[in-house]
1. I need the inter-copy label distances for residue B:23: point set 7 Å along Cα to C-beta, values in nm with one decimal, smallest first.
2. Hey, what number do you get for chain C at 222 nm if only DSSP H runs of n ≥ 4 count, each worth -39500 (n - 2.57), divided across all residues, to the nearest 500?
3. Report the accessible area of residue A:132, computed with a 1.4 Å probe over the heavy atoms of all protein chains in place, in Å² rounded to the nearest 10.
4. Take every residue in peptide C:107-118, count the Cβ atoms of other chains within 10 Å of its Cβ, and give the average of those counts.
5. Per-residue Cβ counts within 10 Å, from other chains only, averaged over B:90-99: what number is that?
6. Between helix B:57-70 and chain B, what is the angle of the helix's C-alpha long axis to the longest principal axis, kept within 0 to 90° and rounded to the nearest 10?
7. How far is helix B:22-32 tilted, in degrees, relative to the longest principal axis of the Cα atoms in chain B, given as a value from 0 to 90 rounded to the nearest 10?
8. Can you list residues whose amide H is under 5 Å from residue C:101's amide H, if they're 5+ apart or on another chain and H is modeled 1.01 Å from N?
Amino acid sequence: MKSFRKTLTIHTRQTTAFVNVTREVQAAIDESGVREGLVLVNSMHITSSIFINDDESGLHHDFAKWLEELAPHDPSPTAYHHHQTGEDNADAHLKRQIMGREVVCAITAGKLDFGPWEQIFYGEFDGKRDKRVLIKIIGE
Amino acid sequence: MKSFRKTLTIHTRQTTAFVNVTREVQAAIDESGVREGLVLVNSMHITSSIFINDDESGLHHDFAKWLEELAPHDPSPTAYHHHQTGEDNADAHLKRQIMGREVVCAITAGKLDFGPWEQIFYGEFDGKRDKRVLIKIIGE
Amino acid sequence: MKSFRKTLTIHTRQTTAFVNVTREVQAAIDESGVREGLVLVNSMHITSSIFINDDESGLHHDFAKWLEELAPHDPSPTAYHHHQTGEDNADAHLKRQIMGREVVCAITAGKLDFGPWEQIFYGEFDGKRDKRVLIKIIGE
């Protein structure tokens, strides 16, 4: 069994942003030499997500609006109990639960084994600083 | 390390539907010969889900109603930015994020290592056409 | 390839509760002898979750309140179709979908390969009885 590890660093200019990392994940698979196996891709932070959906900017706009309705940003100290610690980003912790922390993808014949529209995204809900994404590959 | 890959094709008569695929996943494990390992089951589409919950039709009715409240279907061009591309299914992309893309399950002694009520479902939110589910197994 | 399996039993005094199981998962990795691989941690029940987020009690309070807004507990027979079976916990099945069933984590050099704030939680939405968590490790 082979294993391979790599991290990506992502820094978004906006608080909320979606970044396509599919190419970087495939590059890590290429580098690993794994032909058959699994790749785990996860955010190493708790206010951002890794998820798979469509690479369409209108849909990303819809995601952001919808998440804001489900878990509104409100930095006031009384909006969320979490803010009593001095934080102002409780909404980002909630949004990340909707979108998920990680994806696990199949590797078949050295490639991401994907349907026609599947693309891997980093979803940021508390951006403007360096964040890391972990790629871990196991297989043969 | 062994690896094994199989796809299922699912075509639902309704836009929203839940299909139990537990038997098909166990059959793939049997076919793979893997006794100890992991099985990844994921939708290869971005408007449907794989998830684990109860095989109870009343609960599935509750899921559909609840998802419709959280992310209403509205095919009008102005309801979602995604519809400016000509699509009318943005709600299905949102619903799939709530329910998830994939499950990873343990294989122990050749069987799905499940609690008493765990069953694997395909959740369709934009049906009436062929969709594929990927099963990828690794282990020994 | 090595594989290792262990279950934890969790019994919460409250209906809704969050229990940090990170130490138990690391202990299982230590016991397995796996240095490079993946660990799957999942609830074996369909009214509870495993998820990764912050170990901060204020945030956990926010999670509970938010989930109650998104999927309210209402034991009346007409509140949810699922209750026609005699059950009164449909809300717990819904809440678990938001928070997720499982996490898959990387093991690197024998340790959970985590960002600075990542902690693994068992999220209970229908407690006051014994529940089980499955830990399955594969690697080398």
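The values are calculated or read from the model by the stated rules, or taken from the named source; none is laboratory data. Keep in mind it's a predicted model, so treat the numbers as computed, not measured. Note: ideal-geometry Cβ built from the backbone for every residue, glycine included; neighbour counts use all protein chains shown. Keep in mind that these areas ignore ligands, DNA and RNA; they rest on the heavy atoms of the full protein, side chains included. Shrake-Rupley method; radii C 1.70, N 1.55, O 1.52, S 1.80 Å.
1. Result for residue B:23, in nm, nearest copy first: 4.6, 4.6.
2. Only helices count here, giving -7500 deg cm²/dmol.
3. 90 Å²
4. On the way: counts 4, 4, 1, 0, 0, 0, 7, 3, 11, 4, 5, 7.
Average per residue, whole number: 4.
5. Average neighbour count from other chains, rounded to a whole number: 5.
6. 50 degrees
7. 40 degrees
8. Residues meeting the amide H criterion: C:50.
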